[in-house]
Amino acid sequence: MRLALYQPDIAQNTGTILRLCACLGVPVDVIGPTGFDMSDRALKRSALDYLDHVDLKRHISFSEFMDRRALSERRADGGRLILLSAHAETPHIHFAFEPNDILMLGRESAGCPESVHAQADARITIPMRPGLRSLNVAVTAAIVLGEALRQTNQFPSP
């Protein structure tokens, strides 16, 4: 299981997600360009002392991320690209996660472009009350990652 952040806009959300992934042992891909300084110093400010505990890979672009993913697929560790979107129709609780899935979250300001949607193997959403747009990206990551880890029995052992 991996989490991928597509061109994140807000350092604090990224820091929260990095902390989440450090605690749960889930690797993270950050796909640039980002809307903030991605230096180690800036990340440490938002991720606190958890940055040293997360498996973080940075990608300069979505195409570079997809190229690396293609290499992983040729090895045994490649997984499906699952896009989390407020515009998807499949609820995350009705989706069958697999251990090597990559859960991708879009930009806080604009989500992911249609070209990214087109390359996803599946698109899922969190069911919400009608008339409300979306959840915070870090909250979304926690909800869906929790369900994916539960289904695949990948929570860390105490």
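The values are calculated or read from the model by the stated rules, or taken from the named source; none is laboratory data. These figures come from a predicted structure and were not determined experimentally. Please note: Cβ atoms are built from the backbone with ideal geometry, for glycine as well, and neighbour counts cover all protein chains shown. Ligands, DNA and RNA are excluded from the accessible area calculation, which covers all protein heavy atoms including side chains. Shrake-Rupley method; radii C 1.70, N 1.55, O 1.52, S 1.80 Å.
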(message) Among the listed residues Gly35, Gly79, identify the single one that is under 14 Å from the mean Cα position of the chain (by Cα), at pLDDT below 95 and assigned to a loop (DSSP other than H, G, I, E, B).
(response) Gly79
(request) For residues that are outside any helix (DSSP H, G or I), surrounded by 14 or more Cβ atoms within 10 Å (Cβ to Cβ) and not aliphatic (A, V, I, L, M), tally how many sit in region 123-145. (result) 3
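Does Ala120 satisfy the criteria of being within 21 Å of Asp9 (Cβ to Cβ) and open to solvent by less than 50 Å² (accessible area, probe 1.4 Å)?
So Ala120 fits the description; yes.
Among the residues of region 97-112, is any under 24 Å from Asp9 (Cα atoms), in contact with an Asp or Glu (Cβ under 8 Å, 6 or more places away or on another chain) and without any contact (Cβ under 8 Å) to a residue 60 or more places away in the chain?
Scanning region 97-112 turns up no residue that is under 24 Å from Asp9 (Cα atoms), in contact with an Asp or Glu (Cβ under 8 Å, 6 or more places away or on another chain) and without any contact (Cβ under 8 Å) to a residue 60 or more places away in the chain.
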(request) Go through region 18-32 residue by residue and tally those that are out of contact with any Pro (no Cβ under 9 Å at 6 or more places or on another chain), touching a residue at least 60 places away in the same chain (Cβ under 8 Å) and not in a helix (DSSP H, G or I). (result) 2
(message) With the requirement that a residue be open to solvent by less than 30 Å² (accessible area, probe 1.4 Å) and within 13 Å of the chain's Cα centre (by Cα), what does region 7-21 give you?
(response) Pro8, Asn13, Thr14, Gly15, Ile17, Leu18, Cys21
(request) Please give the number of the condition Leu71 fails out of (1) of a type in the set (A, V, I, L, M); (2) free of Cβ contacts under 8 Å to residues at least 24 places away in the same chain; (3) assigned to a loop (DSSP other than H, G, I, E, B). (result) (3)
(message) Being modelled with pLDDT of 95 or more, open to solvent by less than 20 Å² (accessible area, probe 1.4 Å) and either in a helix (DSSP H, G or I) or under 17 Å from Val26 (Cβ atoms) (or both): is that true of Ala148 here?
(response) yes
(message) For region 135-155, check the following and say yes or no: at least one residue is hydrophobic (A, V, I, L, M, F, W, C) and more than 22 Å from Thr16 (Cα to Cα).
(response) no
